[in-house]
């Protein structure tokens, strides 16, 4: 016990023999017991299962995750190295987290695939609970990428992701979603006992850490105390929305696209200085094209990557199998099924953004207020500078201005303000009102109108005023028309 950090001084706790330490004190003690990476055997961990101590001999700690600590250990009974995952102290004391740890064992144990780390044994009622799985001698993909100075060869990256996509399709076929696909959860198992992995072709990728996985048919939702399920850089946009959608197979296709992007560029498509910045970028921005960072990427491979990273699930591959098949077509130099996004599709996506609604409402509000202010400023100047014989015309102007202000411009300005606030009825009424006003202005320009006709002594003078009004109201009508898809989408998502 010489290398073990000392436990808290008992004198710090109540002397009353009947007192019970608080949860914080228990967590502190357990964390000290499990925190030392130099532990050599289970006696130093104060474990109580003698049979377990005799079978497994801990060699060293290899990593820590959200729910457990992973040790490299020797199975003395079968004479093989294993990875032992033991729950963190706070997990043992938290029933919800312990349930997820147990779910990982049950999920992974049913999977049998060359690219999935197999589970040898799990005892969740031992002291402590543990999962024994195959030990991978290589690093995880995240550590391997950190050591690289140059992006992975394009063919090699496509082959690697195709193998992972095949494994992901396999776990989907078993009714399981991984929910946390990222480099840290992909182990690299060296081929032929290679001591150093220089190329991905020298290893076999193996998926691990199913702690966040969930059966596809299971309706259980994690509680909001979890805050976030997964890693933001690898999460699909729909999962980071204010009203997040359900995790689906398309969400995992997005994660595979992020992995492919990182292999090809050594950058994430969602780089940011903080989690909030990353989340905002994923939700609101289109991914950078990989070829802007690496000119050597073939056009077809970039198309495959961008299809995986599409912001809307319906625009991605419908399954990991479809991604695998398209990657195989690329590797075989056959035409891929994915196609570059057309300008019409870009326009359609642009019109579905919520910003279109706000911009239409803001333009209507500002433009109509500007018209009202312009008319009354002209009226005030006319009254100030007018001659006696013009007084009758100015009073007629005042009457017409009040009429059109309350009949058209004020309702449209209010409609624009309500549109910005996403009022249910304002959008369509303002859209219709904008078209009506454009029609009235065109009619007044072409023919003699009731209002303001006496102000224009020539057709060119009339044109100078009405053309500006027609263009402004026309732009307002176009902005509202363009925002129709965004308005419909907002109403559908709010139901």
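Would you check if residue 207 is touching a strand residue (DSSP E or B) at 6+ places or on another chain (Cβ under 7 Å) and either surrounded by fewer than 23 Cβ atoms within 10 Å (Cβ to Cβ) or at pLDDT 80 or above (or both)? For residue 207, the condition - touching a strand residue (DSSP E or B) at 6+ places or on another chain (Cβ under 7 Å) and either surrounded by fewer than 23 Cβ atoms within 10 Å (Cβ to Cβ) or at pLDDT 80 or above (or both) - is met. Among the residues that make up the range 136-157, is at least one of them at pLDDT below 85, outside any loop (DSSP other than H, G, I, E, B), in contact with a strand residue (DSSP E or B) (Cβ under 6 Å, 6 or more places away or on another chain) and buried (at least 18 other Cβ atoms within 10 Å of the Cβ)? Scanning the range 136-157, I find no residue that is at pLDDT below 85, outside any loop (DSSP other than H, G, I, E, B), in contact with a strand residue (DSSP E or B) (Cβ under 6 Å, 6 or more places away or on another chain) and buried (at least 18 other Cβ atoms within 10 Å of the Cβ), so the answer is no.
Quick check: anything in the range 215-230 in the same structural domain as residue 169 (by TED's automatic domain parsing) and at pLDDT 85 or above?
Looking for residues that are in the same structural domain as residue 169 (by TED's automatic domain parsing) and at pLDDT 85 or above, one finds none in the range 215-230, hence no.
Checked against (1) farther than 23 Å from residue 56 by Cβ; (2) in the same structural domain as residue 233 (by TED's automatic domain parsing); (3) in contact with a helix residue (DSSP H, G or I) (Cβ under 8 Å, 6 or more places away or on another chain); (4) buried (at least 16 other Cβ atoms within 10 Å of the Cβ), residue 115 passes all but a single condition, namely (2).
The values are calculated or read from the model by the stated rules, or taken from the named source; none is laboratory data. Only a predicted model underlies this, so the values are computations on that prediction, with no experimental measurement involved. Glycine gets a Cβ as well: all are built from the backbone with ideal geometry, and neighbour counts include every protein chain shown.
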